[in-house]
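Notes follow once the structure below has been shown.
The values are calculated or read from the model by the stated rules, or taken from the named source; none is laboratory data. Every value quoted in this text rests on a predicted model; they were computed, and no experiment measured them. Glycine gets a Cβ as well: all are built from the backbone with ideal geometry, and neighbour counts include every protein chain shown. SASA here: full protein model, heavy atoms, side chains in, ligands and nucleic acids out. Shrake-Rupley method; radii C 1.70, N 1.55, O 1.52, S 1.80 Å.
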Amino acid sequence: VPDDLLLGLKFIFGPSAVPALDLVDQRSVTRVRSPSGRTAYQVLGSSGKLYTCYSSCHFCTCPAFGFSVLQKSESLLCKHILAVYLSQATGACQELTVSEEQLTSILLAEEEDEG
């Protein structure tokens, strides 16, 4: 990434920019797609936990998103969502096609973790 773009990312997204770029470099972002065309993204966080992100509605299941973005409005997004957008822009996304049932299980597993 050229220095001027890196500075722009850091200016707009603050402390999320560099960790998000690290996630992209590590190829930690996977687009999960079902035959019907539904998609979600899974990002393997730096802690080793897998987070589900939805670029269509700008949402991540990580605690930082809930706290810094939704509750405190301190950030525009978390490093996982930014990594999704950057991996889409650079073509660095892993691809995984799953059945409708598997995608449903992925989505429901996230809800159970939160509840």
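Tabulated data
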item	result
Simple label model, 7 Å out from Cα along Cβ direction - K72 to V98, nm	3.1 nm
Straight-distance crosslink candidates among lysines, where the alpha carbon sits under 18 Å from K49 and sequence neighbours closer than 8 are dropped	K79
Square roots of five times the Cα gyration tensor eigenvalues for the range 50-111, Å	22, 17, 8
Net charge contributed by nearby residues that have their C-beta within less than 14 Å of Y85 (K/R +1, D/E -1)	+2
Normalised convex hull volume, the chain, alpha-carbon set, Å³ per residue	100 Å³
Proportion of all alpha-carbon pairs of the range 1-48 beyond 17 Å (%)	48 percent
Solvent exposure, largest accessible area first (probe 1.4 Å, DNA, RNA and ligands not counted), of K72, K49, K79	K72, K49, K79
List F11, F65, F59, ordered by accessible area with a 1.4 Å probe, largest first	F11, F59, F65
Accessible surface of Y54 - all protein chains present, 1.4 Å probe, nearest 10 Å²	50 Å²
Calculated [θ] (222 nm, deg cm²/dmol) that DSSP helices of n ≥ 4 give over the chain, each run adding -39,500 (n - 2.57)	-12500 deg cm²/dmol
Rounded percent of accessible protein surface that carbon and sulfur make up, the chain, 1.4 Å probe	56 percent
